[in-house]
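Here's the structure we're looking at; comments come further down.
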């Protein structure tokens, strides 16, 4: 007897398919083939493909943003930035790239990606503010850091995790030096 294939299984599969095959992996046919399930099984959990896409993108948002923020906040204050760096740099960057590619052609995905980008930059800015950085500067630094994070996934998609973490640590050092220099003026 086969294990029941629930809604979370479809979402797990969808994220895997998106990372592996891009948007083409998200057709109902491709999903059913990969799951070795019928269309009826898919539609038992999702009203239509649009409902699946929305649930998929919300699952990505939860796992790759909200859960990361929660785990980061569980750390002591001075270790939060390091924890965030470690968690963010260990994400599946192929999935991050595929989500952004998918958002180019799907409005639901585009809205959720935009929301995630805003949440992530606001979260990083709040971490900087908690360290004593002035709010406007914290917001600017967070935007620059996030743009570098997303850009590095495109420019160096195969960069090993350890190199990503080291690069992030170097950025933190540069920010610390720049803010220290700025406060002396």
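The values are calculated or read from the model by the stated rules, or taken from the named source; none is laboratory data. As the structure is a computational prediction, the values presented were derived from the model and not from experiment. So basically every Cβ, Gly included, is an ideal-geometry build from the backbone, and we count neighbours across all protein chains shown.
Residue by residue, here is whether (1) farther than 20 Å from residue 75 by Cβ; (2) in contact with a strand residue (DSSP E or B) (Cβ under 7 Å, 6 or more places away or on another chain); (3) without any contact (Cβ under 8 Å) to a residue 24 or more places away in the chain; (4) part of a loop (DSSP other than H, G, I, E, B) holds:
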residue	(1), (2), (3), (4)
127	no, no, no, no
133	no, no, no, yes
136	yes, no, yes, no
143	yes, no, yes, no
147	yes, no, yes, no
157	yes, no, no, yes
165	no, no, no, no
174	yes, no, yes, no
178	yes, no, yes, no
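Being part of a helix (DSSP H, G or I), without any contact (Cβ under 8 Å) to a residue 24 or more places away in the chain, out of contact with any strand residue (DSSP E or B) (no Cβ under 9 Å at 6 or more places or on another chain) and under 22 Å from residue 107 (Cα atoms) is a description that applies to residue 13.
Could you go through the range 127-136 and let me know if any residue there is crowded, with 17+ Cβ neighbours inside 10 Å and over 18 Å from the mean Cα position of the chain (by Cα). Yes, there is a match, as at least one residue in the range 127-136 is crowded, with 17+ Cβ neighbours inside 10 Å and over 18 Å from the mean Cα position of the chain (by Cα). All of 50, 22, 40 fail the test of being surrounded by 13 or more Cβ atoms within 10 Å (Cβ to Cβ) and assigned to a helix (DSSP H, G or I), apart from 22. Where helices (runs of 4 or more DSSP H) fall entirely within the range 55-118, those with at least 3 residues that are over 30 Å from residue 43 (Cα atoms) and either without any contact (Cβ under 8 Å) to a residue 60 or more places away in the chain or in contact with a helix residue (DSSP H, G or I) (Cβ under 8 Å, 6 or more places away or on another chain) (or both) are at 67-73, 80-89.
For residue 66, the conditions (1) over 16 Å from residue 116 (Cα atoms); (2) exposed (fewer than 15 other Cβ atoms within 10 Å of the Cβ); (3) modelled with pLDDT of 95 or more all hold with the exception of (1).
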